[in-house]
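Structure, as C-alpha cells:
Every number here is computed from the coordinates shown, using simple stated rules; none is lab data. Because the structure is a prediction, the values reported are computed rather than measured. Here Cβ is always computed from backbone atoms with ideal geometry, including for glycine, and neighbour counts include all displayed protein chains.
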Amino acid sequence: MSNEVIQMTDVSVAYNGTPVLDSINFSLDVGEFCYVIGRTGAGKSSFLKLIYKDVNPTKGLVKVADFDLSNLADKKIPYLRRRLGVVFQDFQLLPDRNVFDNVAFALRVTGQKKRFIKQRVIEVLGLVGLSHKRKAMPDDLSGGEKQRVVIARALANEPRLLLADEPTGNLDPEASASIMELLHQINNRGMSVLMVTHDYEVIRKFPNRTVQIENGSLQDIKVL
Ligand SMILES: Nc1ncnc2c1ncn2[C@@H]1O[C@H](COP(=O)(O)OP(=O)(O)OP(=O)(O)O)[C@@H](O)[C@H]1O
C-alpha cells in the first residue's frame, strides 16, 4: 500500500472546453488532515468530484486509495466509493429512520452480517458521542448532532479517507467547534481527512495544512 491516499499529477478539468482546474498537482498522505479553500466557483467541488470519480480529468493522473482512476471501469466505481467516507451537505439523513438505522443503512448496502452491523454501529455512534441517541429520529436532533450522525455513517465502512464538504456550514460557532474537535480526534486515530471550507476562522482555530484553489491552480498556503 502506498503512503499517499490521494495522488494527482498534472490534472486538468474543463467543462465544455472551459478550464476549471489547470495542471494541478496534489497529494495527501495517509493520516494527513488538509483543508481546501477557494472562492465560489473556484473549482473545489470539481476537485472533490475527481476524487470519487464523478468527474474525469481532461488530462493527468488521479490515484485514490490505491485505485488508478484513469483505468477504473465505471462498474468498479462503487468499490472506490466504499473506501471513501463522505460528509456532504446534499447527502442527508433518511428522515423516516432512527439514528441507529441511518448508520446501519451504510453497512447493509455493502452486505455485512447483522451481528457485525450492530456491533459496528454501536462502536461508531460511541466514537461520535451519540450512543444515547441511537433511537432518536433525525428531526429530533440538533444540527450538530445530525452532523455527528452523518460522520458516524461516513466512518461505518472504515474508509481510507474522509471527504468533508463544508461540514460546519450550517452550524453555530459552538456546534461548529465541537464538529471540528471530532474531526481532529478522528484524524488523530489515523484517518486521512480532506475538508472543504470557506471559513478562515475554523482554520485559524484548528490549524492544519491548507491548499487554495484559485484561477485554476492549487497551492499550499499559510492562513495567519
Ligand atoms: N457539470 C458542469 N458543467 C458545466 N460547468 C460546470 C459544471 N460543474 C461546475 N461547473 C463550473 O465550473 C466552475 C467550478 O465549479 P465548482 O462547483 O467546482 O466550484 P466550487 O469552488 O465548488 O464552488 P462553490 O464554492 O460555489 O460550491 C464553476 O464556474 C461552475 O459553474
Q | Rg/Rh for region 65-224, where both radii come from Cα atoms and Rh is the Kirkwood radius | A | 0.98
Q. Give me the Kirkwood hydrodynamic radius of region 92-150 in Å, from all C-alpha pairs, to one decimal place?
A. 11.4 Å
Q.
Can you classify region 136-205 as rounded, prolate or oblate using the Cα gyration tensor, where a ≥ b ≥ c are the square roots of its eigenvalues, rounded means a/c under 1.5, and otherwise it's prolate if a/b beats b/c and oblate if not?
A. oblate
Q. What is the local net charge at A65, summed over the other residues whose Cβ is closer than 14 Å to its Cβ (Lys, Arg +1; Asp, Glu -1)?
A. +1
Q) For region 172-224 and region 1-65, what is the separation of their Cα centres, given in Å? A) 17 Å
Q: Can you pull the one-decimal nm distance between simple spin-label points at A14 and E201, each 7 Å off the Cα toward Cβ?
A: 4.1 nm
Q. Longest segment of the chain with no trypsin sites (Lys or Arg not before Pro) in a DSSP loop having at most 15 other Cβ atoms within 10 Å?
A. 40-96
Q: Report the residue, chosen from V87, V121, V202, that carries the largest GNM mean-square fluctuation when the chain is represented by alpha-carbon nodes joined by springs under 10 Å.
A: V202
Q: Name the most mobile residue of E32, E145, E201, meaning the one with the largest mean-square fluctuation, in a Gaussian network model of the chain with Cα contacts below 10 Å.
A: E201
Q. Nearest-5 percent of antiparallel DSSP beta bridges in region 73-224?
A. 35 percent
Q | Percent of C-alpha pairs per 5 Å bin, region 1-119, short to long | A | 2, 9, 17, 19, 18, 15, 10, 6, 3, 1, 0
Q. HN-Hα J couplings of region 146-157 from phi, Karplus 6.51/-1.76/1.60, θ = phi - 60°, integer Hz, Gly and Pro as x?
A. 4, 5, 5, 5, 4, 5, 4, 5, 5, 8, 4, 8
Q) Of T197, T18, T110, which has the largest mean-square fluctuation in a 10 Å C-alpha GNM of the chain? A) T18
Q: List the lysines whose Cα lies under 22 Å from the Cα of K44, skipping any in the same chain that are fewer than 8 positions away.
A: K53, K59, K63, K205, K222
Q | For the chain, calculated [θ]222 nm from helices alone, where every DSSP H run of n ≥ 4 adds -39500 (n - 2.57) | A | -9500 deg cm²/dmol
**Q.** Under the Karplus curve 6.51 cos²θ - 1.76 cosθ + 1.60, θ = phi - 60°, whole-Hz ³J(HN,Hα) for region 183-199, x wherever Gly or Pro sits
**A.** 4, 5, 5, 5, 5, 5, 7, x, 7, 6, 10, 10, 10, 7, 8, 9, 9
**Q.** Three principal axis lengths of region 55-110 [C-alpha, angstrom, descending]
**A.** 43, 22, 17
**Q.** Zero-based 10 Å bins, Cα pair distances in region 1-70, whole percents
**A.** 20, 55, 23, 2
Q.
Testing the spin-label approximation: label points 7 Å from Cα along Cα→Cβ at L94 and A73. State their distance in nm.
A. 3.0 nm
Q: May I ask you to derive the FRET efficiency for K114 and S23 from their Cβ-Cβ distance with R0 = 41 Å, giving the value to the nearest 0.05?
A: 0.25
Q: Please name whichever of S46, V87, V121 sits farthest to the positive end of the charge dipole of region 42-152, dipole taken about the Cα centre and charges placed at Cβ: Lys and Arg +1, Asp and Glu -1.
A: V121
